[in-house]
1. Only one residue in LEU51, LEU66 is at pLDDT 90 or above, under 15 Å from TYR131 (Cβ atoms) and surrounded by 18 or more Cβ atoms within 10 Å (Cβ to Cβ). Which one?
2. Given the structure, is SER85 surrounded by 16 or more Cβ atoms within 10 Å (Cβ to Cβ), in contact (Cβ under 8 Å) with a residue 60 or more places away in the chain, on the phi < 0 side of the Ramachandran plot and among the hydroxyl-bearing types (Ser, Thr, Tyr)?
3. Name the helices (runs of 4 or more DSSP H) wholly inside the range 82-189 in which the number of residues that are under 30 Å from VAL4 (Cβ atoms) and modelled with pLDDT of 90 or more is 3 or more.
4. So, of the residues in the range 371-422 that are polar (S, T, N, Q) and not in a loop (DSSP other than H, G, I, E, B), which turns out to be farthest from ARG322 (Cα to Cα)?
5. Of all the residues that make up the range 199-252, how many are in a loop (DSSP other than H, G, I, E, B) and crowded, with 16+ Cβ neighbours inside 10 Å?
6. Can ARG365 be described as modelled with pLDDT under 75, in the same structural domain as ALA295 (by TED's automatic domain parsing) and more than 30 Å from LEU275 (Cβ to Cβ)?
7. Determine, yes or no, whether ALA40 is within 18 Å of ILE192 (Cα to Cα), of a type in the set (Gly, Ala, Ser) and surrounded by fewer than 18 Cβ atoms within 10 Å (Cβ to Cβ).
Amino acid sequence: MPSVKNILVVDNNPIVLEFMSTILEESGYSVRTADSGLAALSIIGEFTPDLAFVDLIMPEIDGRRLCSLFRRDLRTRKCIIVVLSAIGAEDPDREFAAYADAYLAKVPFRILRENVLAAIRDLGGGNTAPYDQTIVGSDMIHHREITKELLFAKKHMDVVLGMAHDGVLELSGDRLVTYASPSACEILGMHIDELLGRPMPDVFPTNVREQLSRGLDEITGGVKTSGRCDELPLDSRIVTVSFRSVTFDDYTSILMILRDVTELVRDRRRVESLLNDKTRLLREIHHRVKNNLNAVSGLLYLHAGRVESPEASRALNDAHGRVTTMLRIYERLFDSGRSEHIELSALLRDILDGVSGTFGAKNVRAVHTPSAHSTFVSTDVSVAIGLIVNELVTNAYKYAFPDRREGTVSVDITRRPDGVVC
């Protein structure tokens, strides 16, 4: 194994960074420091470390995930990784070999200095035996109950997010992915190591990036604290994305919730298709009924003018008026495009115009003052109202104004405080 020359130290504690930088530079190593996982990822683009000291508990990308990223990255795949953490007593992970070569506890600096330099010499020379399943210095650190409780809460939250159907992404202030839940990885079809550190919205297909960028611009620009992009096509999925800005003290991030609505959208489209078929069928039925009523109305009108008996003529005219009323209802249904409801004021105007035209009486006016708000009624109710109003207005024309006296027949709509329409 080649000797160690370049060393990267990743820790969010500035005191630790200064201490490590000092002792390593004094020992002749080339040192770079990073205060977060994202900063470390940006550094390896220009600085290839032979060995990296990584803290486990950090904001944005945590230490374990950062070590995993180093293992997958071609630039750092051969880098020796040493965990340098203060939680060895509360979280004694002795299976760290999956992501690191050694684990050093954060002990007092005078002892830590010797442990750090010894680890560099041993691991750089290929001597890994002292570090197998051993947390160096763990016998010198004390158990802290509060730390254990916080670690438990974090693990519990990881389990909850891991079981959630909705995907969760967290972005840094400059829109780099710092967290991705298992569901988010599944929805996007990417491994978590492919997502972390990548800019948003580059992790999404090109056809939806512009829409997502506009939503993120409003969040980062302070225009909104939350936003939403509905039904974005992602290959074979349809996804709704929600954004929310989150701030704790001086730490700001953006949470993105990814909800797979593929089945919901498909079900909705199936229902819409069925409703469209139903609407077309009802319109066809209304059209045929209207044509039949029109034919019946015409026949009644013709026969009323041909019969010699005044009583028969009146009966046929009354029947003609009733059929004409129902005809106007179906005309309203057909012309308005509504299959089940009719606007009441428009229907009443049609009935009054029809009765007035039938009698042709110039001494009587039929008027209707519409209400301030439109009132829609069902087909069944409109037929009943239409027939009743037709009978009342017809009788008023016949009997309310003898000897051609002038008058007005008024039909109004009022809405009571309890919502009942009269």
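1. On inspection, the qualifying residue turns out to be LEU51.
2. No: the conditions fail for SER85.
3. 109-124
4. THR408
5. So the answer is 4.
6. When the stated conditions are applied, ARG365 passes them.
7. The answer is no for ALA40.
Conditions tested, residue by residue: (1) of a type in the set (Asp, Glu); (2) assigned by TED's automatic domain parsing to the domain that holds ALA40.
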position: ASP132; (1), (2): yes, yes
position: ASP158; (1), (2): yes, no
position: LEU169; (1), (2): no, no
position: PRO182; (1), (2): no, no
position: CYS185; (1), (2): no, no
position: PRO201; (1), (2): no, no
position: LEU212; (1), (2): no, no
position: GLU218; (1), (2): yes, no
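The values are calculated or read from the model by the stated rules, or taken from the named source; none is laboratory data. Quick caveat, the model's predicted, so the values are computed rather than measured. So basically every Cβ, Gly included, is an ideal-geometry build from the backbone, and we count neighbours across all protein chains shown.
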